[in-house]
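Notes follow the structure.
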Amino acid sequence: SVCTDCGIIVEENAIVSSVEFVEGAGGASSMVGTFVGANSARGFGGGGGRRGGQYGFSRQSRENTLAQGRRRIQDVAGFMRLGNHFVDAAHRLYTVAVEKNFTQGRRRAHVVAACLYTACRQEKSQHMLIDFSDALQINVYVLGTCFLKFRRMLGLKLELIDPCLYIYRFAAHLNLDEKANEVA
């Protein structure tokens, strides 16, 4: 705080790093104050024993959600043979999805697929949405809807994919063996 008369800084650091507890009704102890993380927009309180909602240990819940999302992203990426840079990019997108409450009311597999597909589109990979649909056994239209809403929420402008990338892939599925390169 600053003195309004002379402008001298009276107190520079008002944030305290000590932890204090108070005894509440029935002898229950609760933490006084709020924990503010390095990259958080708001603090998380101790809560006095109340769980869930805005009071309880929502920071831990958020960390659990992010950890479960990363594990699921790694599982799907491993199954699809995607590299670690796709996992990292998709996890960053998943973190944004959690922060903007995009995961609320949606299945984790749908959001994970949307994040991985977005990462693939940004890297101009040859993976299509139907590949994720087949791998996760999810309707492609459901995934497409989730992806479009995710893209709209982020305000991403993804470039159209050159269809030439898929010609060799299509020829390879025709079981032409050596002639696949000639057809492509």
How large is ³J(HN,Hα) for each residue in region 86-96, as worked out from phi by the Karplus curve 6.51 cos²θ - 1.76 cosθ + 1.60 (θ = phi - 60°), to whole Hz, x for Gly and Pro? 5, 4, 5, 5, 5, 5, 4, 5, 5, 4, 5
Between Ser61 and Ile161, what length comes free when the chain is fully extended (0.36 nm per residue of separation minus the Cα-Cα distance, one decimal in nm)? 32.3 nm
Determine the sum of side-chain charges near Gly69: Lys and Arg each +1, Asp and Glu each -1, restricted to other residues whose C-beta is under 13 angstrom from that of Gly69. +4
Whole number in Å², please: accessible area per residue of region 64-117, 1.4 Å probe, ligands, DNA and RNA not counted. 53
Kindly report, to the nearest 10 Å², the accessible surface of Val87 as traced by a 1.4 Å probe over protein heavy atoms only. 10
If each of Lys149 and Leu174 carries a label point 7 Å out from its Cα toward its Cβ, how far apart are those two points in nm? 3.9
Cβ-Cβ cut-off under 12 Å around Val142, Lys and Arg +1, Asp and Glu -1: the net charge is +3
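The values are calculated or read from the model by the stated rules, or taken from the named source; none is laboratory data. Just so you know, these numbers come straight off a predicted model, no measurement behind them. So basically every Cβ, Gly included, is an ideal-geometry build from the backbone, and we count neighbours across all protein chains shown. Each accessible area value is taken on the protein alone, full model and side chains, heavy atoms only, with ligands, DNA and RNA left out. Shrake-Rupley method; radii C 1.70, N 1.55, O 1.52, S 1.80 Å.
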